[in-house]
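Please read the structure below before turning to the comments.
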Amino acid sequence: MSSLPAGWYKDPAEPDTQRYWDGEGWLGKAIPADAVPPDGPPPVEEEPPPAPEPTATPAGPAATPAPQSPQSPPPGWGPQPPPPPGWQPPPGWHQPPAGQQPPPGWQPPAGQQPPPGWQPPAGQQPPPGWQPPPGWQPPPGMFPPMQARPHGFALAGLGPRLVARLIDIGAVLLLNVVINGWFAYQWAREFVPMYRATLDEMANGGSAWDVQASGRMDGLLWAMLIIATLLWLAYEAPSIGSSGQTLGKRIMRIKVVAVEDTKPLGFGRAFGRWARLGLWTPAWGCAGIGFVLQLIDCVSPIFDQQLRQAFHDKTARTVVIALPPDDRQPVDATTGGNGSTGQN
């Protein structure tokens, strides 16, 4: 149904004339464009009587007009001007000849194929069944970006990855309380006198930088940082190398897999992935430089829209996937597994 109301409009086929549009088609004969049209539709014209059938002519050598080529257009045919604003093709409209382009913004009616060479405007989806011409490139923003699914699984979200990392930090912290507790106690015994001496120096008008830490404090600090690094390595690398999951990743149902297959990473590859992040831990004693570098690595998946890889994932060529709720696990195709736990 057309959205153009009934009334007198310029004929798109003959701009020098105007005709009456009843909402579905043109009625009556055309009148000059500058003439004042009557109110309402034109009067109904009586149909002319049928023409008499031509009498058969005797066969003879009389010349007959040569038939026109079916490929040539009729006399006077040419490109037509665009229709008035809001005009929609009436029912029964057929496609224009090959090579003739529709007006800008035109959309084919439902169930009708667009003419050859037609391209959908930017930001609009093509009609069903439309095939692009050779060499055609879609305009930017026409098709939404496809989300990668490594080995058929969705990528792990940034939220679950953050929660899993916080759980792992808490687990490593508990290990440090047990293993590093004695070193932390000895360091505190050295720190309390130095702190009191600093307060006394500042009360007497001195500077806090005049009080220097003892060499034993520095040794205890480096020992705690090295032990913390080794505890983190022992906690994460073996579990990622064998199953792709630490305690936090198991709770959040995410898993580390290789980009090329789903085989276990092995300790060597898991160590390389951890080292890109964990070996900066001793540098915490250098004005917190190690902490800053580790923080940048942890937020780096935000800037990778394709695979959400952190810097340590790019180093090891790994990706973090989200496991579905049906306990289905990634299984390498070469093993013949079906990808479900508890099944042969």
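Odds and ends about this structure:
- Only one of Ala234, Ala270 that is more than 35 Å from the chain's Cα centre (by Cα) and either in the same structural domain as Ala184 (by TED's automatic domain parsing) or surrounded by fewer than 18 Cβ atoms within 10 Å (Cβ to Cβ) (or both): Ala234
- Odd one out for Lys249 among (1) crowded, with 21+ Cβ neighbours inside 10 Å; (2) of a type outside the set (Ser, Thr, Tyr); (3) in contact with a Phe, Trp or Tyr (Cβ under 9 Å, 6 or more places away or on another chain): (3)
- Within region 238-258, being without any contact (Cβ under 8 Å) to a residue 40 or more places away in the chain, assigned to a helix (DSSP H, G or I) and touching a Lys or Arg at 6+ places or on another chain (Cβ under 8 Å) holds for Ile240, Gly241.
- Filtering region 163-172 for residues that are among the acidic types (Asp, Glu), surrounded by 15 or more Cβ atoms within 10 Å (Cβ to Cβ), outside any strand (DSSP E or B) and modelled with pLDDT of 95 or more leaves a non-empty set.
- Count of region 19-42 residues which are assigned to a strand (DSSP E or B) and either small (Gly, Ala, Ser) or over 53 Å from the mean Cα position of the chain (by Cα) (or both): 5
- Some residue of region 200-217 being of a type in the set (A, V, I, L, M, F, W, C) and under 20 Å from Thr281 (Cα atoms): yes
The values are calculated or read from the model by the stated rules, or taken from the named source; none is laboratory data. Since this is a predicted model, take the numbers as computed values, not measurements. No Cβ is skipped: glycine too gets one built from the backbone with ideal geometry, and neighbour counts run over all protein chains shown.
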